[in-house]
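Here is the structure we will look at.
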Amino acid sequence: MLIFHSDNTRLRQARTELHDGTLVAPFECPERIDLVLKHIQKTAVGEVREPKSYGLDPVLAVHDAGYVNFLADCWHEWVAAGHEGEAIPNIWPARTMRGDRIPHTVSGKLGYYALAAETSITEGTFEAAMASKDVALGATSHTLATGEPSYGLCRPPGHHAAVDQFGGYCFFNNAAVAAQWALNQGKRRVAILDVDFHHGNGTQQIFYERDDVLFISLHGDPEVTFPYYLGYADETGLGSGEGFNVNYPLPPGTSVATWMATLDNALGQIKQTQCDMLIVSLGVDIFEGDPISAFTFKNSDFEILGQRLSSADLPTVLLMEGGYAVDDIGINVVNVLQGFKQ
Ligand code: SP5
Ligand code: ZN
């Protein structure tokens with residue numbers, strides 16, 4: 001399988017993540033990419049290619065322009081304001097205040113455009129996010145041109161990023177950018193299957209009222225898991241999008257057998273819905289050893305996952321989302337790619 005990667009995804013080198021009340025070294029770090037690449041090279045699972053630059057237009061097709069400008073300027077404005085640490089929001093337009101004004105100062109804008117506080121903005125964050133969506137678009141373009149599957153080693157991840165909000169380590173929604181790009185290139189309906197441990201709230205929000213993207217997600221029950229405020233089974237889409245959003249919240253500790261049976265339901269729905277392309281939000285944080293997640297995948301289960309994904313028999317793009325058990329991250333990704341038979 002052809003693999004897309006850009007060295008510029010390393011440009012985000014955050015020092016801080018707000019975790020359980022402490023600033024810690026971020027779980028979402030550039031070493032994740034280094035280790036996946038190393039294992040890809042060691043196993044020769046596929047040729048690695050650098051994508052071209054696709055510019056901002058494909059991003060603006062799914063994200064708000066004010067939000068994109070904010071991400072581009074945030075770090076410079078933060079430094080100009082004299083702040084020493086990384087840019088972390090600490091005030092929001094919460095329910096009891098006004099949500100219709102966008103403040104002009106960077107501290108106000110941070111809360112307006114953030115959905116969580118664990119994700120700091122740093123020098124190089126915007127550039128890494130640009131590289132990450134280019135990786136997704138390079139992979140998608142290859143699959144569109146050839147029908148062959150491809151893997152995009154996206155980083156930072158994307159599925160928590162909404163139309164105008166960042167958080168959950170995500171800035172641009174790579175899968176959404178890729179899906180919209182595929183539609184613009186002539187696909188009629190794209191399925192986004194999100195297997196990351198966390199609910200893909202951003203992807204859901206972006207396509208919630210549309211029937212040209214089917215969003216299906218298997219994830220830790222938001223009743224007890226980030227992102228808490230979205231990802232419940234009764235969120236089925238709105239207007240013409242009704243029926244095109246499917247959530248499978250699963251309890252922490254869910255067995256692989258139950259998870260795979262749920263995946264088979266999801267694949268059945270994708271078949272029924274007549275999609276002509278599949279984009280997989282591939283988080284490998286469903287691994288039993290993941291430090292922030294609670295599913296029970298073993299290394300070998302990822303190969304079975306790859307096999308099942310290929311059984312959808314659609315042009316398929318696999319895009320990296322989460323996965324933080326750094327020792328095993330390369331093994332788990334490569335196992336998916338090796339299991340994918342097409
Ligand atoms: C792309 C992706 O996987 N983003 C995940 C973002 C999660 N951010 C909040 C994590 C909070 C984790 N708390 C779990 C404590 C386990 N002891
Ligand atoms: Zn995740």
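Each value in this text was obtained by applying a stated rule to the coordinates, not by laboratory testing. None of these values were measured; they are calculated from a predicted model. Positions of Cβ are generated from backbone atoms using ideal geometry, with glycine treated the same way; all protein chains shown enter the neighbour counts.
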(message) With a 10 Å cut-off between alpha carbons and a GNM built on the chain, which of 193, 218, 230 moves the most?
(response) 230
(message) If I fit a long axis through the Cα atoms of helix 31-43 and take the longest principal axis of the Cα atoms of the chain, what angle between them do I get, 0 to 90°, rounded to 10?
(response) 20
(message) Pick from 219, 159, 83 the residue whose mean-square fluctuation is largest in a GNM of the chain, springs joining Cα atoms under 10 Å.
(response) 83
(request) Within the stretch 13-79, report the GluC sites (Glu not before Pro) that DSSP leaves as loop and that have at most 16 other Cβ atoms within 10 Å. (result) 47
(request) With no solvent and one equal point scatterer placed on each C-alpha of the chain, evaluate the Debye formula and give log10 I(q)/I(0) for q = 0.06, 0.08, 0.13, 0.16 Å⁻¹, two decimals. (result) -0.18, -0.33, -0.93, -1.48
(request) May I ask for the angle, rounded to the nearest 10°, between helix 174-184 and the longest principal axis of the chain, with both axes built from Cα atoms and the value confined to 0 to 90°? (result) 70
(message) Explain nothing, just the number: dipole magnitude of the stretch 175-275 about its Cα centre with +1 on each Lys and Arg Cβ and -1 on each Asp and Glu Cβ, in debye rounded to the nearest 20.
(response) 440
(request) Could you work out which residue, out of 225, 140, 254, moves most in a Gaussian network model of the chain, that is, has the largest mean-square fluctuation with Cα springs under 10 Å? (result) 254
(message) Between 0 and 90 degrees, rounded to the nearest ten: what's the tilt of helix 256-272 against the longest Cα principal axis of the chain?
(response) 90
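What is the magnitude of the charge dipole of the chain about its Cα centre, with +1 placed on the Cβ of each Lys and Arg, -1 on the Cβ of each Asp and Glu, and no other charges, expressed in debye to the nearest 20?
Working: 22 positive and 42 negative charges, 116 e Å.
Result for the chain is approximately 560 debye, rounded to the nearest 20.
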(request) Among 292, 331, 314, flag the residue with its Cα farthest along the positive direction of the charge dipole of the stretch 278-342, charges on Cβ as +1 for Lys/Arg and -1 for Asp/Glu. (result) 314
(message) Quick check on packing: order 5-16, 274-285, 88-99 by the mean number of other C-beta atoms within 10 Å, highest mean leading.
(response) 274-285, 5-16, 88-99
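About the Cα centre of the stretch 47-148, what is the dipole size in debye to 20, counting +1 per Lys and Arg Cβ and -1 per Asp and Glu Cβ, all else neutral? Write down the numbers at each step before the final one.
On the way: 7 positive and 14 negative charges, 94 e Å.
Result for the stretch 47-148 is approximately 460 debye, rounded to the nearest 20.
Could you sort the peptides 311-322, 51-62, 100-111, 128-139 by per-residue average Cβ neighbour count (10 Å cutoff), highest mean leading?
Numbers: 311-322: 24.1, 51-62: 16.2, 100-111: 14.4, 128-139: 27.7.
Highest to lowest by the protection proxy: 128-139, 311-322, 51-62, 100-111.
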(request) Please work out the Cα center distance from the stretch 218-238 to the stretch 87-103, rounded to the nearest Å. (result) 23
(request) Please name which of 160, 126, 69 has its Cα lying farthest along the dipole of the stretch 52-210 towards the positive end, using unit charges on Cβ (Lys, Arg +1; Asp, Glu -1) and the Cα centre as origin. (result) 160
